[in-house]
1. If each Cα of the range 1-97 is one equal point scatterer, what is log10 of I(q)/I(0) from the Debye formula at q = 0.11, 0.20, 0.24, 0.25 Å⁻¹?
2. Using the basic label-point model (7 angstrom from Cα toward the beta carbon), what is the I168 to L97 distance in nanometres?
3. Grab the beta carbon distance between H138 and F104, set R0 = 41 Å, and tell me the FRET efficiency rounded to 0.05.
4. How big is the C-alpha Rg of the chain next to the rule-of-thumb value 2.2 N^0.38 Å, as a ratio?
5. If you consider only alpha-carbon coordinates, what radius of gyration and Dmax does the range 104-164 have, in Å?
6. Rounded to the nearest 0.05, what FRET efficiency do M45 and L127 have when you use their Cβ-Cβ distance and R0 = 22 Å?
7. At R0 = 22 Å, how high is the FRET efficiency between N157 and I16 if r is their beta carbon distance? Nearest 0.05 is fine.
8. Filter the chain for me: DSSP H helices, axial length by Cα at least 30 angstrom, mean Kyte-Doolittle hydropathy not below -0.5. List them by residue number.
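Just so it is clear, none of the values below were taken in a lab; they were calculated from the coordinates. As the structure is a prediction and not an experimental result, all values here were calculated from the model. Reconstructed Cβ throughout: ideal geometry from the backbone, glycine too, with neighbour counts over all protein chains shown.
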Amino acid sequence: MGQRIIWGIVYGVVLIGTLLSGNAIALAILLSAITVLCLNEFFVMMTQALPSFQNRLSFYQSWGVYGGALVVLLGSLTFAGLVFPMFFYAACMLLYLPFLAELFAKEGDRNFLNIGIWGASLLYVVLPMLAANVIAYHNGHLQWQGLLGLFILIWTNDSMQYFTGKAIGK
């Protein structure tokens, strides 16, 4: 538990410092880094739940993780008004590459399961990170209060779930 608290404090300080700095590029990089970590963890969890996904893990940890992070990076910079929306839309097209690769792979009936995992990763990780930009920016200006409030609610909820689980759960 001590290591969890230390990493939570480090993560909180980095996030709060980035938000208070008001630097849109730093926020875009931070959201992209969080996306990389979350997508990587998501795909590792999928291999634990579905061992047949193991042979596709390296593909998704490369194209999937970095494609999703690029979309979040360019989406954040687009919301900040630093990048033309055309680049964000082009990056979104990269998200179809894993879909096409699975469609033309010769692995049998597991391809549609892998496409479902890819779609779930987009809905579970990439889309919420893009939605964080909707909260963070108003008319191209960073409004850090809304995003900080959202993260405080998430941290409070996670902490209360943890302590309630320790008190009355297993």
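1. -0.42, -1.01, -1.13, -1.16
2. The modelled label-to-label distance comes out at 4.8 nm.
3. Computed FRET efficiency for H138 and F104: 0.45.
4. Values: Rg = 17.8 Å, N = 170, 2.2 N^0.38 = 15.5 Å.
Computed over Cα atoms of the chain, the ratio equals 1.15.
5. 17.7, 49
6. Working: r = 18 Å, r/R0 = 0.81.
Efficiency computed from Cβ-Cβ geometry: 0.80.
7. Numbers: r = 17 Å, r/R0 = 0.79.
It comes to 0.80.
8. Numbers: long enough: 24-49 (37 Å, 1.89); 144-168 (36 Å, 0.54).
Within the chain the helices that satisfy the rule are 24-49, 144-168.
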